[in-house]
Amino acid sequence: MSNYQRSTIRKPKQAGSGKPGRVKKDVWYKLDLSAIVYPTLQRRDFSSVYRLSVMLKETVDPILLQTALDKTLPRFPTYKVAIRKGLFWRYLEPNNRPGPYVTEDIKNPCMPMPFKGNNRYLIRLYYCGRRISLEAHHCLGDGTGGMCLLQTLTATYLGLLGHPVSPEGFVLDINTEPDPEELEDAYMRYANAQVCPPRPAEKTYRIRGTKEPFYTLNIIDGVLSVQEVMTVARKYNASITEYLNAVLLYALLQKQNADFHLRLRPVRIAMPVNLRRFFPSKTLRNFITMVYPSIDPRLGNYRFEEIVEHIHHYMRYYINDKFLRGDITTNAATQRNPLIRVVPLFIKDMVVRTFYTKVQDKNSSAGLTNMGALHVPADMKPYIERFDIYMGQPFSSRTNCAIISFEDILTINFASSIVEADVERYFFRKLVQDGIHVKIESNRTLE
């Protein structure tokens with residue numbers, strides 16, 4: 001399925017044709033399968049925005065950073081866009097307005113991103129001391145696409161400082177045309193299973209807390225040693241991802257036990273899986289699906305070792321190309337339905353928003369994503385200290401957890417919109433009990 005169309009009746013051009021940096025007005029991009037949902041959930045106090053940060057070893061020059069952004073962004077045509085609304089669907093069109101502009105960082109990141117603000121750009125770039133932070137609306141792409149933009153931008157910035165970086169991995173050559181595969185909706189290429197597996201539908205434990213004032217996002221970061229975490233995970237015969245998933249489930253169980261409740265409910269984590277690991281694609285757009293590791297305390301008390309073992313086998317069983325292909329096919333079934341496709345957009349919005357609020361959002365107790373170990377080109381490595389990732393503001397009152405590592409630094413970043421930090425406290429306390437040293441950073445005052 002083509003991911004770009006002409007808005008005129010003339011013969012279409014390839015989305016990557018022409019000189020680098022030239023944005024064509026007559027090209028538009030259909031929202032990918034995941035991106036369709038994110039604008040529907042948009043409201044005055046919520047946007048699906050994530051943040052990626054890189055900390056350099058020298059203070060950032062904002063003027064050079066702006067120059068680097070101006071040079072880099074045209075290489076990513078699906079990020080240099082504005083979102084538009086049609087009768088039946090939304091789409092992305094090239095944005096030739098001034099900007100986006102580099103600004104000094106703010107205390108509360110991932111704030112709502114109005115579609116008509118910021119000259120209609122759906123990205124923001126911040127600087128603070130040695131840190132560069134990129135925020136992007138999820139309708140543009142997932143963390144992999146965002147990291148590709150951030151690393152390429154950082155490489156361009158270092159080149160302006162006199163430290164040239166060779167294109168490799170996430171760092172793209174800004175003087176080349178985009179590969180057409182970078183622009184594709186990769187979901188539709190692999191949505192070809194012969195069955196559509198059902199989704200978990202049972203309500204889960206929901207964190208109760210005091211909602212923070214509008215435009216407040218609480219950040220708690222844990223900085224750890226990769227080697228220490230790996231050593232502990234191996235003692236449980238688990239990977240780092242399995243171990244940290246188990247720690248979060250353990251923290252949620254402790255939180256539920258401490259809360260007043262009439263009955264226990266399952267605790268479940270919504271965890272995105274990068275489909276590029278299983279289905280070859282260069283797409284810089286969304287290409288993830290969700291899995292839901294869970295523990296049901298109604299079956300009895302779980303020791304931590306049992307939780308780790310359960311998660312270990314869950315991951316091995318569900319995270320493979322067969323199950324994931326089925327999940328993609330389930331997602332694509334609705335979009336392929338010819339009757340649904342001709343339903344007006346305002347009706348689709350109403351149905352999707354109601355379903356997400358009443359069903360989908362209640363299927364998980366927390367969100368957790370692990371971007372894994374990042375690699376950068378060898379000539380870029382001496383200038384990088386660490387990376388951070390934030391899933392952004394939760395849709396409802398809960399906490400989101402995001403994990404990323406670079407060299408021996410592993411960062412665990414929590415983001416929540418409630419006052420209480422009980423889950424985060426239980427989480428990091430367990431890590432310390434297992435002998436892992438944790439350095440805590442936050443934008444709030446912790447009691």
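The values are calculated or read from the model by the stated rules, or taken from the named source; none is laboratory data. Here the structure is a predicted model, which means the values were calculated and not measured. Heads up, the Cβs are rebuilt from the backbone with ideal geometry, glycines too, and the neighbour counts pull from every protein chain shown.
From the list V229, V195, which one is over 26 Å from G145 (Cα atoms) and either without any contact (Cβ under 8 Å) to a residue 12 or more places away in the chain or under 23 Å from the mean Cα position of the chain (by Cα) (or both)?
V229
Could you please find all residues in segment 1-53 being modelled with pLDDT of 55 or more, hydrophobic (A, V, I, L, M, F, W, C) and assigned to a loop (DSSP other than H, G, I, E, B)? Full working, then the answer.
Taking segment 1-53 first, the residues modelled with pLDDT of 55 or more are 26-53.
From the residues that got through so far, the ones that are hydrophobic (A, V, I, L, M, F, W, C) too are 27-28, 31, 33, 35-37, 41, 46, 49, 52.
Of everything in segment 1-53, those that are modelled with pLDDT of 55 or more, hydrophobic (A, V, I, L, M, F, W, C) and assigned to a loop (DSSP other than H, G, I, E, B) turn out to be L31, L33, A35, I36, L41.
Looking at (1) assigned to a loop (DSSP other than H, G, I, E, B); (2) farther than 29 Å from V273 by Cα, find the lone condition where L158 falls short.
Just one mismatch for L158, condition (1).
Looking only at residues that are in a loop (DSSP other than H, G, I, E, B), in contact (Cβ under 8 Å) with a residue 60 or more places away in the chain and not charged (D, E, K, R) in segment 115-131, which one is surrounded by the most Cβ atoms within 10 Å (Cβ to Cβ)?
Out of the qualifying residues, it is F115.
Of the conditions (1) under 30 Å from I340 (Cβ atoms); (2) free of Cβ contacts under 8 Å to residues at least 60 places away in the same chain, A136 fails just one. Which one is it?
Failing condition for A136: (2).
Which of (1) in a loop (DSSP other than H, G, I, E, B); (2) within 20 Å of D70 (Cα to Cα); (3) small (G, A, S) is the odd one out, the single condition G146 does not satisfy?
(1)
Considering every residue within segment 333-349, establish whether at least one is of a type in the set (F, W, Y) and in contact with a Lys or Arg (Cβ under 7 Å, 6 or more places away or on another chain).
No: zero hits.
Has segment 176-186 got at least one residue that is farther than 21 Å from V27 by Cβ, of a type in the set (D, E), at pLDDT 95 or above and touching a Gly at 6+ places or on another chain (Cβ under 9 Å)? Step through it out loud before you land on a result.
The initial filter retains those residues of segment 176-186 that are farther than 21 Å from V27 by Cβ, namely none.
No.
What number of residues in segment 305-348 are in a helix (DSSP H, G or I) and either under 25 Å from A186 (Cα atoms) or basic (K, R) (or both)?
The total comes to 26.
Right, E58: surrounded by fewer than 20 Cβ atoms within 10 Å (Cβ to Cβ) and not in a loop (DSSP other than H, G, I, E, B) or not?
When the stated conditions are applied, E58 does not pass them.
Looking at segment 349-441, what strands (runs of 3 or more DSSP E) fall wholly within it and have at least 3 residues that are among the charged types (D, E, K, R)?
Filter on segment 349-441 gives 384-390.
State whether the residues of segment 345-365 include one that is closer than 30 Å to I132 by Cα, in contact with a strand residue (DSSP E or B) (Cβ under 8 Å, 6 or more places away or on another chain) and surrounded by 20 or more Cβ atoms within 10 Å (Cβ to Cβ).
no
Going by the structure shown, is L224 buried (at least 17 other Cβ atoms within 10 Å of the Cβ), within 30 Å of F355 (Cβ to Cβ), in contact (Cβ under 8 Å) with a residue 12 or more places away in the chain and not acidic (D, E)?
Spelling it out, it is not the case that L224 is buried (at least 17 other Cβ atoms within 10 Å of the Cβ), within 30 Å of F355 (Cβ to Cβ), in contact (Cβ under 8 Å) with a residue 12 or more places away in the chain and not acidic (D, E).
Scanning for something in contact with a Pro (Cβ under 8 Å, 6 or more places away or on another chain) and either acidic (D, E) or assigned to a helix (DSSP H, G or I) (or both), does segment 285-296 turn up at least one residue?
yes
Run N337 past the list (1) modelled with pLDDT of 90 or more; (2) within 20 Å of V195 (Cα to Cα) and report the number of the one that doesn't hold.
(1)
Checking the conditions here, which among I207, I288, I219 is closer than 25 Å to E441 by Cβ, in contact with a helix residue (DSSP H, G or I) (Cβ under 7 Å, 6 or more places away or on another chain) and among the hydrophobic types (A, V, I, L, M, F, W, C)?
Only one candidate passes the filter, namely I207.
In segment 408-415, is there at least one residue being acidic (D, E) and surrounded by 16 or more Cβ atoms within 10 Å (Cβ to Cβ)?
Within segment 408-415, not a single residue is acidic (D, E) and surrounded by 16 or more Cβ atoms within 10 Å (Cβ to Cβ).
So, in segment 74-99, exactly how many residues are buried (at least 17 other Cβ atoms within 10 Å of the Cβ) and of a type in the set (D, E, K, R)?
4
Can you confirm whether segment 271-283 contains a residue that is in contact with a Lys or Arg (Cβ under 9 Å, 6 or more places away or on another chain), among the basic types (K, R), surrounded by fewer than 19 Cβ atoms within 10 Å (Cβ to Cβ) and at pLDDT below 95?
Within segment 271-283 (the criterion being in contact with a Lys or Arg (Cβ under 9 Å, 6 or more places away or on another chain), among the basic types (K, R), surrounded by fewer than 19 Cβ atoms within 10 Å (Cβ to Cβ) and at pLDDT below 95), the answer is no, since none of the residues qualifies.
Which of the residues belonging to segment 111-139 are aliphatic (A, V, I, L, M) and out of contact with any Gly (no Cβ under 8 Å at 6 or more places or on another chain)? Talk me through it step by step, then tell me what you get.
The initial filter retains those residues of segment 111-139 that are aliphatic (A, V, I, L, M), namely 111, 113, 122-123, 125, 132, 134, 136.
Within segment 111-139, M111, M113, L122, I123, L125, I132 qualify.
Of all helices (runs of 4 or more DSSP H) completely enclosed by segment 175-263, which ones contain at least 2 residues that are more than 30 Å from D434 (Cα to Cα)?
Correct list: 186-190.
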